[in-house]
Structure formats: structure tokens, C-alpha cells
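The values are calculated or read from the model by the stated rules, or taken from the named source; none is laboratory data. Just so you know, these numbers come straight off a predicted model, no measurement behind them. Reconstructed Cβ throughout: ideal geometry from the backbone, glycine too, with neighbour counts over all protein chains shown.
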Amino acid sequence: MGTVILSGTVVLVVLGFGNPVYWLAAVAVLFLYVRYGRSSSPTSPTSTPSAAPTTYEAYRRRRDTQAKWERRYRRERPFEARRQEREKSS
């Protein structure tokens, strides 16, 4: 992935000799790559919802958020929540 980004940046720089807007695009591509692209590995994406949290604080934060959404669902949809509880207990 890095070679594609770097070769694309080189192409934008070469095209930038005719139009300086391409230089700005090359700088933006490099910035986005350095900011967001370098830390992620292609074999294991970091934004999977089933990924285990790295720290206990992250686990607690995710667990509390999930509990908040479940309480909100039960409060806003009481009939569906009761039906799901009945189906789960059967």
C-alpha cells in the first residue's frame, strides 16, 4: 500500500510542474497516509467490532456504551424488548 501511495505522490508532483494544485494534492495524500495509513496493518484491521480491547479501560468504556444502548432500546421499544426476553427464556 505504501508503494502505491508513494508512486501516486510522485505522479502528482510531476504533474504539478504544469499545475501547482497537484502539488497540494500530493501534500494532502502524504499527510493522510502519514496520519491514518501507516499504523494500520493490511492483515489485521483495527476497526473490527469483534476485536478485543487492548486495555481494561477500553473494555469498560465499550461495555458501558453497550449497556447504555441496550437500556435505551428497552426504554424506547418496550414491546419488542419484552418479546425478545420471552423468546430468549423459551
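Applying the criterion of being surrounded by 10 or more Cβ atoms within 10 Å (Cβ to Cβ) and of a type in the set (Lys, Arg) to the residues of the stretch 72-90, the residue that is modelled with the highest pLDDT is Arg72. Taken residue by residue, the stretch 22-43 has at least one member that is farther than 14 Å from Gly2 by Cβ, within 19 Å of the chain's Cα centre (by Cα) and modelled with pLDDT under 80. Only one of the numbered conditions (1) modelled with pLDDT of 85 or more; (2) surrounded by 10 or more Cβ atoms within 10 Å (Cβ to Cβ) is violated by Leu6, and that is (1).
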